[in-house]
Structure formats: C-alpha cells, structure tokens
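To start, the structure itself, in structure tokens.
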Amino acid sequence: VIPIHRKPLAKYGGRHTVTVLPGDGIGPEMMAHLKRIFTFAHVPVDFEVLDIGSRDLSDSALDNAIIAIERNGVALKGNIETKFDDPQFKSRNMELRRRLDLFANILHCKTVPTIPVRHKEIDIVLIRENTEGEYSGIEHQSVKGVVESIKVVTRQKIEQIATLAFDFALANNRKKITAIHKANIQKLGDGLFLKVCREMAETKYKDVKFEHMIVDNASMQLVSRPEQFNGGILLMPNLYGNIISNIACGLVGGPGLVSGMNLGKKYAVFETGTRNTGTSIAGKDVANPTAFIQAAIDMLRYVDEPLHADRLTTALYNTLIVKKIHTADIGGTAKTSEIIEGVIDELKQIFDKEHVH
Ligand code: NAI
C-alpha cells in the first residue's frame, strides 16, 4: 500500500499523462523499453518526455521539468549525472526533490528467488527523509582551508517522515521500526531525530514496535545479520538513508533490481532505488531493466491502475524467476532486450488467458 495516494492530476479520456525524465546513462534506453511495454500492454499512460539530463543543464530545463510534474502530478525518472567539480552546480536530482517537496524516499529490498545473493530471505523496507539534513546544500569556505557544510534538520520534517513511516507500518503490517541515527555524536541534530521518532512511538503508535540503532552499527548489522530487520522498516535521515539504502540494494542483488518511490503531499516521482546512472554500460544492451520496470509498476499503483500493475508484475516475475532470464549483473548472460522480449511474451500469454485481443 503506497502511503500517500493521490488522484492523478492529468487524466484525459481515461488516460494519464506522466512526465518522463530519461536522464543520463542507461535512463533513455530504459524509458524507451518501458514505452514499448506500455504500448504493447495497452497501459493508459501517455509519456510527456523532458530532457534534464547532462545534455541540457540549464535552469530553464529544470524549471520546465518541475512545471510539467506539477501539471501531471507524477513522473518516471532516470538518474542525472552530477558534476563534482563545480560548487555552484546543484544536483538536478536533489533540486527536483527539494522543489517538489518529495520528502519521503521509500525502497523495498527483498530477495528474489533465483537471484544469487549471500543472505537468503531479506525483506526490509527503507524510509528516508529526502529533502533536508546534509542535503540542505549550505556550504561555504569561511577562510581559505576552512569549509563549513551545514546540516539543517527541522522538527516539522522529522515528524512528517516519522508519521509516514508509522502509518506505512500499520497499513502494510510491518512489525517494527528501527530509527537509524548518530545521536551519540550529532547530539542536537540526530538527537532531535531520535527524540521525535521515540515520542511518536510512545504516544501515537504504541502498536508498532520501536527500536533505534547507531548508523555505523546498523551498517555492520545489515551486512552481517540482515535478517534481524526482516518484516520491519528502517527509518532514516537523509544521508544515512542514502548509504544504508545502497547497502540494502546491494544485499538483494544490486542497482538493477530495486525501485525507489519519492513521495510528497502533492507529487510523486518514481525511479530506481540506487541513484547512479550506469553510464559505463549505456548503449550496450546489458543493463538490468528490472528496477525501471519495478518503478513503472509502483507508478501504476500510485495512479490507481492495479490491473495493469498486476499484469506487469506477473510478466516480470515469470521472466526473472520462472524462466530465469538474467542479465550479467545477477549472474546471467541475457541482454536487456531479451528481458524486455521475455516480459512482452509473458504479457501476450496473460492477455491470451484473459481473452483480451
Ligand atoms: P554507476 O552508474 O557507474 O553504477 C555503479 C555500478 O553499477 C556500475 O558497475 C554499473 O555498471 C552498475 N549498474 C548500474 N545500473 C545497473 C543496471 N541497471 N544493471 C546492471 N548494472 C548496473 O555508479 P556511480 O559511479 O555511483 O554513479 C555514476 C553517476 O551517477 C555519478 O557521476 C553521479 O553523478 C550520478 N549519481 C549517482 C548517485 C549515487 O547514489 N551513486 C546519486 C546521484 C547521481
């Protein structure tokens, strides 16, 4: 159950318009594959494609993308390269999340049968504050050789993300919330995060079990005994959330598998769980398209198209697990296009069974 559900804004003649931001690296080819799948499956979604990848890093390109998402309410997104060497340049990915107030990032990391991993049976939901903390973007060099990077946290944003996490736990029957922090060192900032989460657990959400863990220990526990978090939720501030999410994605098979939802009160952007671009494998027909297909499925659930989401889930499941068509990142030899053909083939069979022609 997606915690914030909103009727899509742009729906004409029963069709949704969704903003598509292909981004860099493998993003554009993945969006083309999704378009093909949607067309084949008669998914009632039209793509409004805008380029805010590194081909156009102008402010107007970013403004147009934001206006389009505000108009449509929903976006599918590839990741955008971020320049490291220009302090004035703000990450496009981060600017989108900040300006649209997409305050929650949600990932579900679950092991998939037939995909080789070190730990069997992982099932962890990760909920990350997505707009403040270390990502506030306030940095300056006060005197030469002295840099201040300011982490800003607010009670309002912590309450917002914690409320979403506890509501998510109740709606999805997740039995435990573990708040991740470094309150032993960041006594005020992370202290506030822990205090607010704890208060909420003790007052409003007594039925959900609550624990907390220091981020370094949590990283170690995740790689050594991840099953202790199964069935629960990791609730995290922004930067720790980023790092821990990548560890969790790695545990279940890597960047090609897990999707990530960015939710706000008004808008939602669906992308991959890890936010790298895959530039080195772009154009080679080798990337694993699963995370993008899963992001599209999340988006279909958000816009209230459960039938299409279910069909695509079954087609993907049969391709990956029943037929074991795997790309190289998960130990197989299949090309991206073979997975897409596999999914389309499965959709064909689903339609035949349903007698839809
Ligand atoms: P990368 O994009 O090079 O990917 C890391 C590894 O995962 C590579 O070996 C790549 O081949 C593999 N990989 C990625 N997607 C895959 C897929 N779908 N199927 C199979 N293998 C896949 O990672 P890196 O260096 O972290 O990021 C590249 C660029 O992305 C950076 O320049 C950065 O600007 C941008 N970026 C990265 C973020 C991050 O969280 N890592 C966040 C925002 C932007």
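The values are calculated or read from the model by the stated rules, or taken from the named source; none is laboratory data. All of these numbers come straight from a predicted model, not from anything done at the bench. Note that each Cβ is placed from the backbone with ideal geometry, even for glycine, and that neighbours are counted across all protein chains shown. Please note that ligands, DNA and RNA were not included when accessible areas were found on the heavy atoms of the full protein model with its side chains. Shrake-Rupley method; radii C 1.70, N 1.55, O 1.52, S 1.80 Å.
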Condition check for V49: open to solvent by 50 Å² or more (accessible area, probe 1.4 Å) and in contact (Cβ under 8 Å) with a residue 12 or more places away in the chain
yes
Picking from I185, I177, I138, I161, which residue would you name as being within 18 Å of A218 (Cβ to Cβ) and assigned to a strand (DSSP E or B)?
I177
For segment 321-339, enumerate the residues that are within 13 Å of the ligand (Cβ to nearest atom) and either touching a residue at least 24 places away in the same chain (Cβ under 8 Å) or assigned to a helix (DSSP H, G or I) (or both).
H326, T327, A328, D329, I330, G331, K335, T336, I339
How many of the residues in segment 238-252 are near the ligand (Cβ under 10 Å from one of its atoms) and open to solvent by 10 Å² or more (accessible area, probe 1.4 Å)?
4
Within the group L257, L235, which residue is under 16 Å from the mean Cα position of the chain (by Cα), farther than 19 Å from M94 by Cβ and near the ligand (Cβ under 10 Å from one of its atoms)?
L257
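In the list D304, D310, which residue meets the criterion of being surrounded by fewer than 19 Cβ atoms within 10 Å (Cβ to Cβ), among the acidic types (D, E) and either at pLDDT below 95 or within 16 Å of the ligand (Cβ to nearest atom) (or both)?
Values: D310 fails: either at pLDDT below 95 or within 16 Å of the ligand (Cβ to nearest atom) (or both).
One residue alone meets the criteria, D304.
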Can you pull out the residues in segment 282-294 that are hydrophobic (A, V, I, L, M, F, W, C) and either open to solvent by less than 10 Å² (accessible area, probe 1.4 Å) or more than 23 Å from R98 (Cα to Cα) (or both)?
A282, V286, A287, A291, I293
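Does segment 72-83 contain any residue that is charged (D, E, K, R), in a loop (DSSP other than H, G, I, E, B) and closer than 13 Å to N262 by Cα? Give the steps one after another, and end with the answer.
From segment 72-83, those charged (D, E, K, R) are 77, 81, 83; that's our starting set.
Retained after the next criterion (residues that are in a loop (DSSP other than H, G, I, E, B)): 81, 83.
If we keep only those that are closer than 13 Å to N262 by Cα as well, we get none.
Among the residues of segment 72-83, not one is charged (D, E, K, R), in a loop (DSSP other than H, G, I, E, B) and closer than 13 Å to N262 by Cα, which makes the answer no.
Name the single residue that is most open to solvent (accessible area, probe 1.4 Å) among those in segment 100-120 being of a type in the set (D, E, K, R) and part of a loop (DSSP other than H, G, I, E, B). I'd like the intermediate steps shown before the answer.
Quick first cut of segment 100-120, residues of a type in the set (D, E, K, R) only: 101, 110, 118, 120.
Then keep just the ones that are part of a loop (DSSP other than H, G, I, E, B); that gives 101, 118, 120.
On the way: D101: 56, R118: 227, K120: 136 Å².
Among those residues, the one meeting the criterion is R118.
Go through I297, I350 for me and flag whichever is open to solvent by less than 30 Å² (accessible area, probe 1.4 Å) and more than 22 Å from K110 (Cα to Cα). Spell out how you get there, then give the answer.
Numbers: I297 fails: more than 22 Å from K110 (Cα to Cα).
Exactly one residue qualifies, and that residue is I350.
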L76 passes all but one of (1) among the aliphatic types (A, V, I, L, M); (2) away from the ligand (no atom under 16 Å from the Cβ); (3) open to solvent by less than 10 Å² (accessible area, probe 1.4 Å); which number fails?
(2)
Listed by first then second residue, the pairs whose first member lies in segment 85-101 and is farther than 18 Å from N276 by Cα, whose partner is more than 11 Å from the ligand (Cβ to nearest atom) and β-branched (V, I, T), with beta carbons under 9 Å and at least 6 positions apart or on separate chains, are R98/T131; R99/I66; L100/I66; L100/I69; L100/V269; D101/T131
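Against the definition (under 22 Å from S245 (Cα atoms), open to solvent by 40 Å² or more (accessible area, probe 1.4 Å) and in contact (Cβ under 8 Å) with a residue 24 or more places away in the chain), how does R36 come out, yes or no? It would help to see each step written out before you state the result.
Working: under 22 Å from S245 (Cα atoms): no; open to solvent by 40 Å² or more (accessible area, probe 1.4 Å): yes; in contact (Cβ under 8 Å) with a residue 24 or more places away in the chain: yes.
It is false that R36 is under 22 Å from S245 (Cα atoms), open to solvent by 40 Å² or more (accessible area, probe 1.4 Å) and in contact (Cβ under 8 Å) with a residue 24 or more places away in the chain.
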Within the set of pairs 6 or more residues apart or between chains, which connect a residue that is at positive phi inside segment 233-258 to a residue that is in a loop (DSSP other than H, G, I, E, B) and at pLDDT below 95 with Cβ atoms less than 7 Å apart?
G253/V112; G253/I115; G253/V117
Residue in segment 11-38 that is nearest to the ligand (Cβ to nearest atom), counting only those that are of a type in the set (D, E, K, R) and either closer than 14 Å to R71 by Cα or in a loop (DSSP other than H, G, I, E, B) (or both)
D24
Answer from P226, P306, P255 - the residue that is of a type outside the set (A, V, I, L, M) and touching a His at 6+ places or on another chain (Cβ under 9 Å):
P226
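Within segment 302-314, can one find any residue that is within 13 Å of T114 (Cβ to Cβ) and either in contact with a Ser or Thr (Cβ under 6 Å, 6 or more places away or on another chain) or among the basic types (K, R) (or both)?
As a first pass, look at segment 302-314 and keep what is within 13 Å of T114 (Cβ to Cβ): none.
No: zero hits.
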Counting just the residues of segment 260-281 that are more than 8 Å from the ligand (Cβ to nearest atom) and aliphatic (A, V, I, L, M), which one comes out most open to solvent (accessible area, probe 1.4 Å)?
M261
